[in-house]
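Okay, structure first, notes after.
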Amino acid sequence: MGEDKNIIKSVDKAFRIIELMAQESRPMGVTEISKRLKINKSTVHATLNTLLGKGYFEQDAEGGKYRLGIAFAQIANASLNSMDFRNKAKPVIARLSKQINETVHMVILRQGKVVYIEKQESVQSMRIHTEIGKSQPCHCTGVGKVMLAWMDPEESKQLIREHGLPRLTDKTITDEAALYKHLEEIRQKGYAIDDEENEKGLRCVAAPIMDYSGRVIAAISIAGPTTRISTDSLEKMAELVVEAGLEISSKLGSGLTN
């Protein structure tokens, strides 16, 4: 079978590099990429530098390894807007919010922080104030901890090194070892709790949303004041938010079930 004459070799190689980097989800050097893809080192270097100049790759100051850049996050966000990702999630989010009469959020990860892309507010007079497009740290939010927990360990460590673990309340986890242990517990339970770690008087419980490949691409949470969300009610809320996460995941092609 002959080679397809319609294929532009340079473009094909560029996308092979991009796909490898996305699959590995960690910084990689020219030599490793060259060996993995059997592409000449000079070609890999030229391709990476071209994409680097466009914002599609970033390069570590130390070691010179490359990783996917912010331009891909912008494309991913535009893709979410142009697809029916949020439309598929909206009925689930609205039903869950009505069921528990609390605010429900859906977020994605962007530039090392979680970004709110959908919400259904509680109708109660006392409610939390959030805005679509607003970003929050990962280490002290339920949705952020969910994203960290199911992320590649090296990627999560890189994110934490870049953004740190600033203290927002007296309950914020600021020790790396303690956070990594906490993330392992989250993976085992299947959900995360923010118990006034991001804001005093606020609790939330969050669960992952996965795509067809089983990769966590978003998170969903129930959030409200501690006066209404007691520690005794968190287990039941966790059950509901996990079910909602699984339902949205199934709409996105995931084969996960309870």
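Here are the numbers for this structure:
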read-out: Of (1) 152; (2) 139; (3) 122, the label for volume of the Cα convex hull per residue in Å³ derived from the coordinates; value: (1)
read-out: Value of relative contact order over region 32-189, rounded to a whole percent, pairs C-alpha under 8 Å and six or more apart; value: 11 percent
read-out: Rel. contact order, % - alpha carbon contacts under 8 angstrom, at least six apart, region 129-258; value: 23 percent
read-out: Environment charge of Ile75, counting only residues whose C-beta is closer than 12 Å and scoring Lys/Arg +1, Asp/Glu -1; value: +2
read-out: Extension gain, Gln188 back to Ser135 (0.36 nm per residue minus Cα-Cα distance, nm); value: 16.4 nm
read-out: The chain: calculated mean residue ellipticity at 222 nm from DSSP helix runs of at least 4, using -39500 (n - 2.57); value: -14500 deg cm²/dmol
read-out: The chain: most fluctuating residue of Lys200, Lys113, Lys38 per GNM, C-alpha cutoff 10 Å; value: Lys38
read-out: Protection proxy ranking of 93-99, 144-150, 167-173 - average other beta-carbon atoms within 10 Å, highest first; value: 144-150, 93-99, 167-173
read-out: Of the DSSP H helices in the chain, those whose Cα atoms cover at least 24 Å axially and whose Kyte score averages 0.0 or more; value: 234-251
read-out: Computed over region 109-164: relative contact order in percent, which uses C-alpha pairs under 8 Å that are six or more apart; value: 35 percent
read-out: With eigenvalues of the C-alpha gyration tensor scaled by 5 and rooted, region 127-175, Å; value: 20, 14, 10
read-out: Additional length obtainable on full extension of the chain from Thr174 to Lys98, 0.36 nm per residue less Cα span; value: 23.9 nm
read-out: Theoretical gain in end-to-end length, Arg86 to His163 [0.36 nm per residue, Cα-Cα removed]; value: 25.0 nm
read-out: Whole-percent carbon and sulfur share, accessible surface of the chain, 1.4 Å; value: 50 percent
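The values are calculated or read from the model by the stated rules, or taken from the named source; none is laboratory data. Values in this document were obtained by computation on a predicted structure and should not be read as measured data. Heads up, the Cβs are rebuilt from the backbone with ideal geometry, glycines too, and the neighbour counts pull from every protein chain shown. What goes into the accessible areas is simple: the full protein's heavy atoms, side chains included, and nothing from ligands, DNA or RNA. Shrake-Rupley method; radii C 1.70, N 1.55, O 1.52, S 1.80 Å.
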